[in-house]
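Remarks on the structure that follows.
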Amino acid sequence: MLRMMLLAAVACLLLLPATIAHAQEEEGGEAIRGTIVQRPEEGDPVPVPGVDITVSTADGEEVGTVTTTEDGSYALELPGPGDYSATLVAETLPEDVQLTDPDRATLEFTIRPGQSRPLLYPLGEAESAGGRFAAFMSRALQLAVEGIKFGLIIAMTAVGLSLIFGTTGLVNFAHGELVTFGAIAAWVVNVTLGVHFFLATIIAIAIGAVAGGLLDRGLWAPLRRRGTGLIAMLVISIGLSIFLRYTFLYFFGGRTRPYGQYAVQRAIEIGPIGIAPKDIVAIVLSLLVLGGVGLVLQRTKIGKAMRAVADNRDLAESSGINVERVILFVWMFGGGLATLGGVMLGLGEQVSWQMGFQLLLLMFAGVTLGGLGTAYGALLGSLVVGLFIQLSTLVISPELKNVGALLVLILILLVRPQGILGQAERIG
Amino acid sequence: MNWEFIVGRSLASAFGADAAVFALAAIGLNLHFGYTGLLNFGQVGFMALGAYGISVTVATLGFSLWWGLALGAALSVTLALLLGLPTLRLRADYLAIVTIAASEIVRFVARSVSMREITGGSFGLSDFADEFYAINPFPGGSYGLGLVQYSARGFWVITVGWTLVALLALMTYVLMHSPWGRVLRSIREDEDAARSLGKNVYSYKMQSLVVGGLIGTLAGVMYAISQQSVQPDTYSTPVTFYAYAIIILGGTARVFGPVLGSMIFWALLSFTDTALRQAVAAGYIPTAIMDGTQVGQMRFILLGLGLMLLMIFRPQGILGDRKEIALDAH
């Protein structure tokens, strides 16, 4: 009985569109239309007359050819609704004009009953070989600058990840959530409380550092005292990551949100590249901060202690270093840096609930590349990853750029598993 | 609050297709993590290969579903070898990072525009499992007991799914009581000891990775069949974490750990979901605190919290033995 009713319902659903389609079919008028124009960099678009466009059905049967008129327009009646493909005959274009994307000379499309569909063929000026090379170089330069900026952001977040691993042995899968937390904290202070972006960032860094410290004191330090194993802690960090990420989603929502200031900026031209002032500030600031991190690690007592604990915990402890205190500092340090990285990422791409998680694998790639557990290795590795990701889009499609970075991570492990600056002994 | 409905839903989930699929994935992962001590965080990558193996074979290439199984298996073995070669000689956490990266690579490639002709891009593929449903021996109607009812199609998927679970659980039992299984466990306990007894540790780890990965592939195949569609974003990292939560809940390195874990996991998930939804609908929870979309997010918050608490307070899960888990490996 139920089955019969279902069948009847399905039949109704199937018939409904058919009747509607029938009503429209009587109107006829299926066609393609459009205008072929060339848009020079300056000035008005110029119509291109005398260009042939050939239309075929999906089965390859030719429907007809239409030639553009004096004003560059064309229109062709089609026999009925269905799948078609239209090819712009490149040989009929004037010599100084070409398709901006030669692969899109043939367009495939579906015509609904009664539809008169416009087709788009973007045209540009034909380039000489020398011009193409110059364009390639300026694009490479532009991508290199973006790569450095992205690499610096990864580096800032990865230093903490690497130091935490070095001092405690924990592979912290929840490190991305520290990044998100920092970015969201800055957003709340900036947008909800109305504090200016710069001040909000400084406040957020303090909040991020405290959050890092609280995580250590509240969760990881007690677990270390209980003697919880490293793999158990790794799984706990995954649980923490899921918990925090969806808590952010719960309260912050799924939309991406911009900061109150500097969200949109016009790029300024420097030679062949265009860069927004905020990106220049971000790059300079990250270089200063990372230089500062280097100084802290190299010159101050706590920095030396951090490196000592990362290098050999037992030796450090027996030479009188308070290891637990050092680890607390590492967590606060990592939390603050992750926040700054998150804010810079949010400035470029807006704040979202999973921005840190999306960065996590790239952090791992940078840290592994540089050498797990070393601070300077993380810096170097992250820069390489950032540059690689952006520059790879010269040859591969941008949506696959992270794939390239992750493949390199796997290859590096094949050739030099200890990373660029790591020591061979610690990976056994 | 309709308690009968809530309990019915939870029970239906405990024995449903998803529970069977995740039990399969977790059985494979249990071989890696539980018995061999390998930190595979890319189990979902193996599942994706199984799912795309059959869907691409049928929907894109037009061959029979059964060839798709072979394609999925071949792809999985290749992936396992690719992953294992560089990392199995290294410390455990390297495998973790590389496997999670590999599973994301599979997803990114499958959803890319350049693969749209083959994998359907971000839309995925659908309607490729007709051959499976054509051999459904159950005539139409509804099957089940009391509150728990499944359609004929659903019941066929469930029957096959749980049969596979039973067979593979049996296989795990036999394997783990064989010399091969004992070597795996000795590797988990002490690699150097196993090596000093003349065992080729690297080769055993690789075999474990391949076999567990193949079981994951089978899980992916069943998942794709039960949904009659694949979408790349279904196969993202949280799925692997589900499987971890399941084996830790049920009991790591226990034959029935993944099975029991999966049933309880899905029952709990379904219970909180329907109960919260009804509580919101009935106004017990004001919408200012939680609305309809937030209910769906709540399950992940609870999942994360549950995984943490379980690992901290009862890492051996329900069936496990604390001495049998490789949690202190380094």
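None of the figures in this text is laboratory data; all of them are computed from the coordinates on show. Worth saying up front: this structure is predicted, and the values here are computed from it rather than measured. Reconstructed Cβ throughout: ideal geometry from the backbone, glycine too, with neighbour counts over all protein chains shown.
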The answer for chain B, counting only DSSP H helices whose Cα atoms cover 20 angstrom or more along the axis and whose Kyte-Doolittle average is -0.5 or greater, is B:65-87, B:92-111, B:152-176, B:201-227, B:257-282, B:292-313
Between A:Glu91 and A:Arg112, what's the calculated FRET efficiency when r is the beta-carbon distance and R0 is 35 Å? Round to 0.05.
0.65
Using Cβ contacts closer than 10 Å as the measure, can you line up A:His175, B:His177 from fewest to most?
B:His177, A:His175
To the nearest whole number, what is the average tally of beta carbon atoms from other chains within 10 Å of the beta carbons of peptide A:243-254?
5
Cβ density ranking, 10 Å radius, fewest first, applied to B:Tyr133, B:Tyr235 yields B:Tyr133, B:Tyr235
If you scale each eigenvalue of the Cα gyration tensor by 5 and take the root, what three semi-axes come out for the stretch B:193-318, rounded to whole angstrom and sorted largest first?
36, 19, 12
Other protein chain Cβ atoms within 10 Å, averaged over every residue that makes up B:311-317:
4
Which residue fluctuates most in the GNM of chain A (Cα springs below 10 Å): A:Gly229, A:Gly34, A:Gly334?
A:Gly34
Mean shadow area (nm²) of the C-alpha convex hull around chain A is 31.8
Under 37 °C and 0.692 mPa s, how fast does chain B diffuse according to Stokes-Einstein, given a Kirkwood radius computed over C-alpha pairs? Answer in µm²/s, whole number.
160
Separation in nanometres of the label points that stand 7 Å from Cα toward Cβ, at B:Asp192 and A:Ala267
5.6
Descending packing, highest mean Cβ count within 10 Å first, for B:296-309, A:78-91, B:247-260 is B:247-260, B:296-309, A:78-91
Stick to the Cα atoms of the stretch B:1-50, pair each with every other, and give me the Kirkwood hydrodynamic radius in Å at one decimal.
12.7
Value of [θ]222 nm, deg cm²/dmol, for chain A, DSSP H segments ≥ 4, -39500 (n - 2.57) each, nearest 500:
-19000 deg cm²/dmol
Say we join alpha carbon atoms closer than 10 Å with springs in a Gaussian network model of chain A; which of A:Leu407, A:Leu141, A:Leu345 then has the biggest fluctuation?
A:Leu407
Semi-axis lengths (Å, descending) of the ellipsoid that matches the C-alpha gyration tensor of the protein assembly as shown
45, 39, 26
What number, in percent, do you get for the relative contact order of the stretch B:28-109 if the mean sequence gap of Cα pairs under 8 Å and at least 6 apart is divided by its residue count?
37
Calculate for chain B the 222 nm mean residue ellipticity that helices alone would give, adding -39,500 (n - 2.57) per DSSP H run of length 4 or more and normalising by residue count, nearest 500 deg cm²/dmol.
-22000 deg cm²/dmol
When Lys and Arg each count +1 and Asp and Glu each count -1, what net charge do the other residues less than 11 Å away from A:Phe150, Cβ to Cβ, add up to?
-1
Give the lysines reachable from B:Lys205 as a straight Cα distance under 23 Å; neighbours fewer than 8 places away on the same chain don't count.
B:Lys323
Calculated log₁₀ intensity ratio I(q)/I(0) where the Debye formula runs over C-alpha points of the stretch B:1-105, q = 0.14 Å⁻¹:
-0.68
I'm checking a number: the convex hull volume of the Cα atoms of the stretch B:30-86, normalised per residue, in Å³. What is it?
79
Taking 2.2 N^0.38 Å as the expected size of a compact globular protein, what ratio does the Cα radius of gyration of the stretch A:224-272 give against it, to two decimals?
2.10
If you take the charge dipole of the stretch B:103-219 about its Cα centre, with +1 on Lys and Arg Cβ and -1 on Asp and Glu Cβ, which of B:Trp180, B:Gly213, B:Ala169 is farthest toward its positive end?
B:Trp180
So if I place +1 on the C-beta of Lys and Arg and -1 on the C-beta of Asp and Glu, and nothing else carries charge, what would the dipole magnitude of the stretch B:217-326 be about its Cα centre? I want it in debye, nearest 20.
280
nm² value of the averaged projected area, convex hull over the Cα atoms of the stretch A:327-428:
7.5
The stretch A:280-329: C-alpha gyration tensor shape, a/c 1.5 cut-off, then a/b vs b/c:
prolate
Checking rank on A:213-221, A:160-168, A:353-361, B:112-120, with mean other Cβ inside 10 Å and highest first, the result is A:160-168, A:353-361, A:213-221, B:112-120
Taking just the alpha carbons, could you work out the radius of gyration and Dmax for the stretch A:245-381, both in angstroms?
18.2, 56
From the mean inverse distance of alpha carbon pairs (Kirkwood) and the Cα radius of gyration, derive Rg over Rh for the stretch B:246-330.
1.12
For a protection proxy built on the mean count of beta-carbon atoms within 10 angstrom, sort A:144-153, B:94-103, A:53-62 highest first, please.
B:94-103, A:144-153, A:53-62
Neighbour-count order for A:Thr100, B:Thr57, fewest beta carbons within 10 angstrom listed first:
A:Thr100, B:Thr57
